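What follows is calculated from the coordinates using simple rules that are stated; it is not laboratory data. From a predicted model like this one, the values you see are computed outputs, not experimental measurements. With ideal geometry, Cβ positions are generated from the backbone for all residues, glycine too; neighbour counts draw on all protein chains shown.
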């Protein structure tokens, strides 16, 4: 029976016209060629997009159908093991502060969640992307300053140095700009700081040279100071918001340079800038004894730096210098302020000892009880919290603590200066804008000064970094 069925099927196939060699197989009709536009017009509407007047174009449909990029979730903080600290005693009741960057906020993950106020850019990026792009960087920095102030209040830190990189190129001779566009955000930041009783100060970079023999360098320095003054003014910061600079280079004649500094302060600085100006002793050129007579004569506050005094000491004891410096503060109605840092472990030479340690282990012997003390240390807010724990100055939130680096060396972690670029700029007689392209600035919180300043070589530039990043 099965054999009969197979025979019948075989006969049916053999008699089919498809298997007739004289019969051509059926041809598919050719489609008429049309344009893309005609295809779109003749194509029926997609059911998924509706059939009424609200139908969107194919391009719009494809754009809307793309799945949005998922935002990364913040990574939970790892569990840190915080070692105990050696407990010490002190009568100090003042405020401790840190400079420019909060390591806890800066290191948030993913990177889009990081909070910091020192985003900056290259001059070439400004030229290619435009000034509005640069202003957006400044706006984001100002917004993050509000977050930093709130974090500080939550952790009993009420003293902060605001980053000089807040508004990239704001004081540039060609591309500079007013901060009026960001006035509302700056006002919010200042109002929050004033509400909590926080002190905000600034410390322009080492290229601010009021004693330079070059007029163009002095003018650039004045623009830089005016930018810092505008930033503090728009935040509503009071008289305690000082702008600190070093004496700078000696230019082979310290007395003549001090005379130029005096002339610039008295004759060239705008009054609002002069009212905020303060001078600080440094570790190479001007010790406290060098600056004290000038500060007393002009009523300019002297910021005494303990670390710098140890490396470049005066013949006058620190206690006497502090008393005379505090008298200037009192005369001006400004709260006294000092700086503290320590050399890194293993540092021997002067150049090695200049670099700041991650944290400070001791408060100064001559420290007045009621003083604002800026801690210039690589671990920033962690260095403040470390001293809080050691001296029982404040309670600490252990979730905010991070362990110290157990392998701290005399090598710094900051950006390295480009020596070849500096040498080239020294050898060539180039205009200021070319020097900006060549020079590479060091840390934005003024923790180092290049040796070119000591030699009297000016590289008056604004901060340029390899990418939009933070000052360490």
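Summary of computed values
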{"quantity": "Between region 369-387 and region 316-335, the Cα center-to-center distance that results, in Å", "calculated": "21"}
{"quantity": "Cα gyration tensor shape of region 111-245, rounded if a/c is under 1.5, else prolate or oblate by comparing a/b with b/c", "calculated": "oblate"}
{"quantity": "Alpha-carbon radius of gyration plus Dmax, which is the widest Cα pair, for region 126-194 in Å", "calculated": "13.4, 43"}
{"quantity": "Part-to-part distance (alpha-carbon centres) for region 134-188 and region 198-246, which is given in Å", "calculated": "15"}
{"quantity": "Theoretical FRET efficiency, 1/(1+(r/R0)^6), r = Cβ-Cβ of residue 349 and residue 254, R0 25 Å, to 0.05", "calculated": "0.60"}
{"quantity": "Added length on full extension, which subtracts the Cα-Cα distance from 0.36 nm per residue, residue 109 to residue 191", "calculated": "26.6 nm"}
{"quantity": "Equivalent ellipsoid semi-axes, region 107-153, via Cα gyration tensor eigenvalues times 5, rooted, Å", "calculated": "24, 12, 7"}
{"quantity": "Per-bin percent of Cα-Cα distances, region 324-376 [5 Å]", "calculated": "4, 18, 21, 19, 14, 12, 8, 3, 0"}
{"quantity": "Cβ-based exposure ranking for 80, 388, 227, in which fewest neighbours within 10 Å come first", "calculated": "80, 388, 227"}
{"quantity": "Percent of Cα pairs exceeding the 24 Å cut-off, where the set is region 181-281", "calculated": "27"}
{"quantity": "Cα→Cβ-extended label distance, 7 Å offset, between residue 362 and residue 409, nm", "calculated": "2.7"}
{"quantity": "In Å, descending, principal axis extents of the Cα set of region 285-349", "calculated": "42, 21, 18"}
{"quantity": "Protection-proxy order for peptides 228-239, 175-186, each taking the mean of Cβ atoms within 10 Å per residue, highest first", "calculated": "228-239, 175-186"}
{"quantity": "Peptide ranges 212-219, 356-363, 380-387 listed from the most packed, as the mean C-beta count within 10 angstrom indicates", "calculated": "380-387, 356-363, 212-219"}
